[in-house]
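Derivation of every value follows stated rules applied to the coordinates shown; laboratory data play no part. Just so we're clear, the structure is a prediction, and the values are computed from it rather than from any experiment. Counting neighbours? That spans all protein chains shown, and the Cβs are built from the backbone with ideal geometry, glycine included.
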Amino acid sequence: MAAMRTARTARTAPADKYEERRKQLAESALRTLGELGYARSSLREIATNSEFSHGVVHYYFADKLELIIYCVRYYKAQCVTRYDEVIASSETPDALVEAFAAKLVETIVDEAPMHRLWYDLRTQSMFEEGLREAVLMIDQTLEDMIWRVVERYATLSGCSPTTTPPAAYGLLDGVFQQALLGYLTGRASALENLVAQVRAFLPFLLSRA
């Protein structure tokens, strides 16, 4: 039995090592992609701005498209549960609104380049067919994430949502993107406006019947 376990470990270790290296490359590439965007980033550019050679990057990813899709999937997998703690810990509607708004502000301040890259890729997917499947999948997970917040807010408020998941996501994503643009272009009131809009819009999504 021990020999069988050892053999299984030996068989799976190379695959695990391969995937771990792809994750390392993704983390490194995301920094360059967040700074330069989709159009200005090449595998060579990404390698130049990382600790990995162009040959190493090309060994693990056939082309820029494969690398970018992997990077965005990897990044979004880390962040799609970011509001779950807010949902779990909030015991009143007002507490949830404030915690949710604060988390939105925090993620803009801490991860603005990654959000900028996401919106860039979502736009590019309208022209680049190879991006569409990944973008649509990620967009759905973000919609689900926002809907969990809305449903929890409705439950705490003793109400029901008056809208649909796509509509709620479209509204809040638009507010978030507007705040991100304001933050990146130095508009001083951008984050304050984001908080004010979240406070105003979440009650608007509920029925008081």
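Some observations on this one:
- By the helix-only formula, in which each DSSP H run with n ≥ 4 contributes -39500 (n - 2.57) and the sum is divided by residues, the chain has a 222 nm mean residue ellipticity of -28000 deg cm²/dmol.
- Gyration tensor (Cα) of the stretch 80-209, equivalent ellipsoid semi-axes in angstrom: 25, 18, 13
- Considering only Lys17, Lys76, Lys64, the mean-square fluctuation computed in a Gaussian network model of the chain, springs between alpha carbons under 10 angstrom, is largest for Lys17.
- Only lysines eight or more places from Lys23 in sequence, or on another chain, were considered; those with a Cα closer than 18 Å are Lys64, Lys76.
- Where labels lie 7 Å past Cα in the beta-carbon direction, separation of Thr123 and Ala15 in nm: 4.0
- Working from Cα pairs under 8 Å separated by at least six residues, relative contact order for the stretch 80-209 is 32 percent.
- Residue order, fewest to most surrounding Cβ atoms within 10 angstrom, among Phe204, Phe52: Phe204, Phe52
- Net charge over other residues, Cβ less than 13 angstrom from the Cβ of Ala102 (K, R count +1; D, E count -1): -3
- Note on the chain: GNM, Cα springs under 10 Å; of Arg199, Arg22, Arg40, the largest mean-square fluctuation is that of Arg40.
- In terms of surrounding Cβ atoms within a 10 Å radius of their Cβ, Asp63, Asp173 rank from fewest to most as Asp63, Asp173.
- At least 15 Å along the helix axis (C-alpha) and Kyte average at least -0.5, DSSP helices within the chain: 64-79, 93-124, 129-157, 165-184, 190-204
- Annotation: the residues Ser28, Ser53, sorted from fewest to most other C-beta atoms within 10 Å of their own C-beta, follow the order Ser53, Ser28.
- Choice from Leu194, Leu156, Leu30 showing the highest fluctuation, given a GNM over the chain with Cα pairs closer than 10 Å: Leu156
- As a calculated quantity, the FRET efficiency between Phe201 and Glu35 at R0 = 35 Å, using C-beta atoms, amounts to about 0.65.
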